[in-house]
Structure formats: structure tokens, C-alpha cells
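> Mind having a look at this structure? Questions to follow.
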Amino acid sequence: MTTLSFNEYKNYKNISEVFTFSANMIIYSVFYSIFLSIIFMIVFVFIINLFKDFFINTFSDTSLIINIFVLFIFYIFAFTPFIIYNIYKKDMKYKNISIYFSRIMMYISLYNIVKYLFTMTMPYNSPYDIRINFILYNVAITIGAVNLFFVRIDYKASIFTKIVYIIFPVITFIFNIIIFSSLLYRIKEYGISPNKLTLIFTNMIILVYFILTIIDNIKSLKKLGTIKNIKSIILTNNRSCYVYVYGIIAFIICFIMPLFYS
């Protein structure tokens with residue numbers, strides 16, 4: 001679906017539209033696949049119960065019926081996205097649903113990261129010595145950074161959303177610094193590994209991304225003096241192309257790094 005979305009790139013003015021298109025397709029595909037799967041399950045169970053004697057006499061091995069059931073579920077999840085893709089292109093309402101979904105995710109991410117910051121000093125919450133916390137915090141940072149690509153702050157954003165968008169990269173940048181220091185601590189204590197090396201690259205490029213986003217927000221806030229209504233402030237997001245940096249790092253991690261580790 002993501003590949004098909006990028007195939008539509010020529011029809012869009014900037015890459016942000018690609019993220020919106022791709023995320024919309026994923027959300028609709030998952031939703032309708034689950035909906036159709038539930039309908040199929042109900043019909044399947046109804047037919048099995050209705051012709052129970054026939055199936056018992058015909059199929060001595062019930063695992064065959066189970067395999068058919070699972071296979072159909074896989075088919076639903078496999079083919080539904082392509083059907084949705086064609087319907088979406090022709091005529092589908094709520095073509096910006098992913099933008100609102102990503103904004104909700106941004107609110108949740110900000111809440112979680114603030115909570116982690118305040119509870120990090122408590123026992124059993126340290127990322128320095130407790131591995132599960134270290135992993136959890138890195139996942140939180142990654143989700144927050146990736147989600148910003150889909151927020152589309154230039155599209156019908158409320159003043160609350162704009163405030164959160166301004167605060168989020170600052171808070172997450174501070175959180176990222178702490179997690180990066182815990183990564184260096186763990187390397188010092190336990191040694192380097194491919195996973196830790198991957199996290200070094202990931203944390204560094206995410207740090208740079210947050211810095212660039214903060215700079216963009218500062219430039220936008222400087223225009224407040226010429227704006228009569230604060231609701232009219234336009235926050236620019238010129239960092240969507242930063243996804244190519246992620247792509248380069250992903251290529252290095254997947255194809256170059258394995259050459260140096262057995």
C-alpha cells in the first residue's frame with residue numbers, strides 16, 4: 001500500500017500528501033479487513049452449525065476446516081487493501097482521516113513521554129539498568145518521531161493542536177537526550193552490539209529531526225508580531241523529505257552493517 005501511495009506521488013505537490021495517502025490506505029484497509037473478517041467468521045460459524053452432520057461425516061480431520069477458515073481470513077486481509085485502493089481513488093469520504101488519527105497519537109505520545117520523564121527517577125523505571133524500560137522508551141521516541149510525518153499541521157489545525165505541535169518536539173528532544181545517555185551508559189557497561197549500534201544511528205537522526213522541527217517552529221513563532229489573531233498562525237513543516245534520511249540509514253543497517261557482524 002505504501003508503494004502504491006508513492007506511485008501516486010506525481011499527482012501531489014509535496015511528499016506530505018504521500019504520507020497522508022499512505023496512512024489513509026493503511027487505516028481503511030485494516031478497518032475494512034477486520035470488519036469483513038468478523039462478517040466472514042459469523043457466516044462461517046453459522047454454516048458449520050447448520051450443516052454440522054454433513055461436515056462431520058465428510059471431513060474426518062477437522063484441522064482441514066480450520067485451515068480453510070484461516071486461509072480465507074488471510075485472503076481477506078490480502079485483497080481488501082487493493083479493493084480499498086481503487087475505491088479510495090475514485091470516491092471515498094474522509095480522505096484525511098489519518099491526519100486526525102496522527103494528531104490523537106501525538107497527544108497520547110506527549111502524555112506518555114511527559115509521564116516517563118517524571119517517573120524515570122522512580123525505582124524500576126530507570127532506562128540505565130532496566131532493559132525493558134530502555135526498550136520501551138526507545139519505542140516511544142520512535143513512534144513520536146515517525147508520527148510527526150503524518151500530523152500535517154498545515155491542514156485545519158486547531159490552536160490546541162498547534163500548541164501541542166510546538167511543545168512536543170521540545171519535550172521529546174529532552175527525553176531523547178536522556179535515553180541517548182542511557183544508551184551510551186549501556187554500551188560502556190555491557191559493550192557494543194549490532195542492536196546498540198542501530199540505536200545510536202536511530203537516536204542521532206531523530207535528535208536532528210527534532211532540532212530541525214524546533215527551528216521551523218521558532219521561525220513560525222517569530223511571525224506572531226504581524227498576526228492579529230493567534231489562531232491564524234501557520235506552522236510550517238518542511239522536514240517531510242527527512243524520510244529519505246531514514247531510508248538511507250535503514251539501507252545501511254539492513255545491508256551494510258550485516259557485512260561487519262557474523
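> Explain nothing, just compute: Karplus ³J(HN,Hα) = 6.51 cos²θ - 1.76 cosθ + 1.60, θ = phi - 60°, for every residue of the range 190-200 in order, whole Hz, x for Gly and Pro.
Going residue by residue, I get 10, x, 7, 8, x, 5, 5, 5, 4, 5, 4 Hz, with x marking Gly and Pro.
> Carbon and sulfur together cover what percent of the accessible area of the range 15-164 at a 1.4 Å probe radius?
Carbon and sulfur atoms account for 74 percent of the accessible area of the range 15-164.
> Per Stokes-Einstein, at 20 °C and 1.002 mPa s, what whole-number D in µm² s⁻¹ belongs to the range 114-155, with the Kirkwood radius over Cα pairs as the hydrodynamic radius? Could the numbers behind the result be given before it?
Numbers: Rh = 11.6 Å.
Translational diffusion coefficient: 184 µm²/s.
> Rank these by accessible area, largest first, 1.4 Å probe: 37, 158.
158, 37
> Mind running the shape call on the range 140-189? Use the C-alpha gyration tensor, a ≥ b ≥ c as the square roots of the eigenvalues: rounded below 1.5 for a/c, prolate if a/b tops b/c, oblate otherwise.
The shape class here is prolate.
> Over 29 Å between C-alpha atoms is what I'm after, so list which of 196/219; 115/196; 115/188 land there.
On the way: 196/219 35 Å; 115/196 25 Å; 115/188 27 Å.
Listed pairs above 29 Å: 196/219.
> Take the alpha carbon gyration tensor of the range 39-81, find the square roots of its eigenvalues, order them as a ≥ b ≥ c, and report rounded if a/c is under 1.5; if not, report prolate when a/b exceeds b/c, else oblate.
Oblate, because a/c is 1.5 or more while a/b does not exceed b/c.
> Run the 1.4 Å probe and let me know the accessible area of residue 215, rounded to the nearest 10 Å².
Around 70 Å² of this residue is reachable by solvent.
> Also, I was wondering about something else. Which FRET efficiency, nearest 0.05, do residue 163 and residue 212 yield, Cβ-Cβ r, R0 22 Å?
0.70
The values are calculated or read from the model by the stated rules, or taken from the named source; none is laboratory data. Computed from a prediction, not measured in an experiment: that's the story for all the values here. Ideal geometry is used to build each Cβ from the backbone, glycine not excepted, and the neighbour counts take in all protein chains shown. Just so you know, the surface numbers come from the protein's heavy atoms only, side chains and all, with ligands and any DNA or RNA stripped out. Shrake-Rupley method; radii C 1.70, N 1.55, O 1.52, S 1.80 Å.
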